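For reference, the structure discussed in these notes is given below.
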């Protein structure tokens with residue numbers, strides 16, 4: 001990138017270039033990737049628990065809560081809907097927090 005070439009021309013060292021030039025420019029995409037990976041991990045854990053392949057029955061998990069209460073869906077829908085809403089709320093909240101972090105907001109403004 002041009003800013004690395006300019007920093008090298010100024011005589012800056014590698015650590016300065018990495019910490020002051022490269023790191024601020026990769027913070028936004030790195031945070032977005034970390035947020036997506038976290039959401040994928042939560043969804044994978046919940047889906048595996050729903051299928052019975054995740055955490056075992058003494059331990060509670062949102063996916064296992066949905067699986068255990070699926071039979072009572074016609075009479076007690078809230079027991080199934082509440083853990084599903086918790087999963088959806090967590091994924092949306094993590095995405096909103098990641099999108100509004102300072103480094104991420106700066107990257108969004110520069111790309112416009």
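If you line up the long axis of helix 102-111 against the longest principal axis of the chain, both from Cα atoms, how many degrees apart are they, to the nearest 10? Around 70 degrees separate the two axes. Between residue 23 and residue 82, take the C-beta separation as r, use R0 = 30 Å, and let me know the FRET efficiency to the nearest 0.05. It comes to 0.15.
Taken over the chain, the ratio of Cα radius of gyration to 2.2 N^0.38 Å equals 1.63.
Extension gain for residue 92-residue 3 works out to 28.6 nm (0.36 nm per residue, less the C-alpha to C-alpha distance). Between residue 33 and residue 55, the modelled label-to-label distance comes to 2.9 nm, taking each label 7 Å out from Cα in the direction of the beta carbon. Would you mind getting me the FRET efficiency between residue 48 and residue 101? Use the beta-carbon distance for r and R0 = 25 Å, nearest 0.05. Efficiency, rounded to the nearest 0.05: 0.30.
All of the numbers you see were taken from the coordinates with simple rules; none came from a lab. The structure presented is a predicted model; accordingly, all values stated were derived computationally and were not measured. Note: ideal-geometry Cβ built from the backbone for every residue, glycine included; neighbour counts use all protein chains shown.
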